[in-house]
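Note sheet for the following structure.
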Amino acid sequence: MARRQAPEGDAGRPAPDPVEGGEAGHRESPHKGKTGLSRVWRAFFYSLDGLKAAYRHEDAFRQEALLAAVLIPLAFFLTPDNLARALMVGSVLLVLVVELINSAIEATVDRISLQDHVLAKRAKDIGSASVLMSLINVAVMWALALA
């Protein structure tokens, strides 16, 4: 019986094994490819773990969560307009989403190396700028909704 050859990648080399990730010693998660409700259920608990980790380890996330705890109920008292409320609440929730992404970027950069590097600084600065933009968005949305 003839043995199947692996598909070829660049320059005649075998294409990387998708499970192996193409680099020695680096594997993709064995959970990739899971489907259905069990994947959604597990993903929900991974998300809860992420929220707990952000709250436990990130000062900025705790501050913004406190801000959300104050501003979201306040939005319901300040305007009777449901569209204005939705924009106000949505803008506050966006800050939390952007902060979670920024924290993930920072953790990943720190995982790779704690040494100063121009690209690490750039990644962290851009993540920080995205949080700033989301905070400016809150101010603009609230000002317009309450004008």
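Every residue, every condition in (1) surrounded by 11 or more Cβ atoms within 10 Å (Cβ to Cβ); (2) aliphatic (A, V, I, L, M), yes or no:
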{"position": "Ala65", "(1), (2)": "yes, yes"}
{"position": "Ala86", "(1), (2)": "yes, yes"}
{"position": "Leu93", "(1), (2)": "yes, yes"}
{"position": "Asp116", "(1), (2)": "no, no"}
{"position": "Ser134", "(1), (2)": "yes, no"}
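Restricting to the range 105-139, and then to whatever is of a type in the set (A, V, I, L, M, F, W, C) and in contact (Cβ under 8 Å) with a residue 40 or more places away in the chain, can you tell me which residue is nearest to Ala54 (Cα to Cα)?
Here the answer is Val131.
Quick check on the range 67-83: of everything there that is small (Gly, Ala, Ser) and surrounded by 15 or more Cβ atoms within 10 Å (Cβ to Cβ), which residue is farthest from Val95 (Cα to Cα)?
The extreme case among them is Ala75.
Laboratory data are not the source of any read-out in this text; all were calculated from the coordinates shown. All of these numbers come straight from a predicted model, not from anything done at the bench. Reconstructed Cβ throughout: ideal geometry from the backbone, glycine too, with neighbour counts over all protein chains shown.
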